[in-house]
Every structure is written in C-alpha cells, then in structure tokens.
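Here the structure comes first, spelled out in structure tokens, and everything after it is commentary.
The values are calculated or read from the model by the stated rules, or taken from the named source; none is laboratory data. It should be emphasised that the depicted structure is a prediction, and the values quoted were computed from it without experimental measurement. Here Cβ is always computed from backbone atoms with ideal geometry, including for glycine, and neighbour counts include all displayed protein chains. The protein model used for the area step is the full one, side chains on, heavy atoms only, and it has no ligands, DNA or RNA in it. Shrake-Rupley method; radii C 1.70, N 1.55, O 1.52, S 1.80 Å.
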Amino acid sequence: MCMESFYLARSPRAPEVAFDFAANRFLLRGESYPEDVSAFYGPLVTQLKQHLQTQKNANITFDFDLIYFNSSTAKVLLGLFDFLDTIAMQEGNHVTIYWQHRSDDEGMIEIGEEFAEDLQHAQFVLQAIES
C-alpha cells in the first residue's frame, strides 16, 4: 500500500518531488540530471504506478515545473506520460498534466508541445509561470 504523501527536497542535480497520494496530486520541480536516473526515478515511478493503477473515477493532477532536464530524464518522462495517458482511459479517471514553463522559455514550450502531441486521453496544459 502506498503512503499518503512523499516529499524529497530539490538537490543540485535532482528535482523536488512532492507526491500527495491521498489527493492524487503530484509534482516534479527544478532541474533533473541525476547521475543515475534509474536509481532516482525507478522507485518513484514504481510507487506512483502501484498507486495509480488502483484509482477509479479519480481526478489525478501532475505538475511538471522543470527548468532543465537531460535526455535520460526525457525518456523517464515519456514513459510516465504514456502511463498517465493509459490511466486516463481506464476506470473513468481524469488526468490533467500541467507543463509549467517560464513565459520566455521557448525550448520548454516546444518540448511541452511535443509531449502533448503523444497524448490521447490525458489533458495536457501548457502553463506559463513567472520567472
């Protein structure tokens, strides 16, 4: 059984992680280029998947506020988006993904648009925030 919440403070190479399982609200914020992407994200994604696979008729929100991430993290994100899209079509779940970006960060806007194109069931919202 998943815990009710999980928090991991931002480090120089890894993002802040705030998972509120009880509220189905999840956040990744900061930069992401950990030395061992699998070691960092593996347990987080496993726990997230275990929890979300049990949800029915749930509102699920995931906030991504990343200012930089490397290609290894991008692969993790792609897998996570695919999973969230699958969860959105199962059991009446409503999944909203907020891709937060600085209004002048054309690169993050473009990447968000590319991620959004691959989703069919989850709602993907590009959300400009102040720098």
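Quick notes on this structure:
- Carbon + sulfur, % of accessible area of region 16-131 - ligands and nucleic acids excluded, 1.4 Å: 43 percent
- Full extension of the segment from Lys75 to Asp20, taken as 0.36 nm per residue of separation minus the current Cα-Cα distance, would add 17.5 nm.
- Subtracting the Cα-Cα distance of Asn59 and Val125 from 0.36 nm times their residue separation leaves 22.3 nm of extension gain.
- Sequence of Glu4, Glu130 when ordered by accessible area, the most exposed leading, probe 1.4 angstrom: Glu130, Glu4
- Label point distance in nm, Glu106-Gln90, each placed 7 Å from Cα along Cα→Cβ: 4.0 nm
- Report summary: the helix-based calculation at 222 nm, which adds -39500 (n - 2.57) for every DSSP H run with n ≥ 4 and divides by the residues of the chain, gives -11500 deg cm²/dmol.
- 1.4 Å probe accessible area per residue over the chain, in Å²: 54 Å²
- Cα-centre dipole for region 70-131 with unit charges at Cβ (Lys and Arg positive, Asp and Glu negative), debye to 20: 240 debye
- With a cut-off of 12 Å between beta carbons, the residues surrounding Asp20 carry a summed charge of -1, where Lys and Arg count +1 and Asp and Glu -1.
- Cα-centre dipole for the chain with unit charges at Cβ (Lys and Arg positive, Asp and Glu negative), debye to 20: 540 debye
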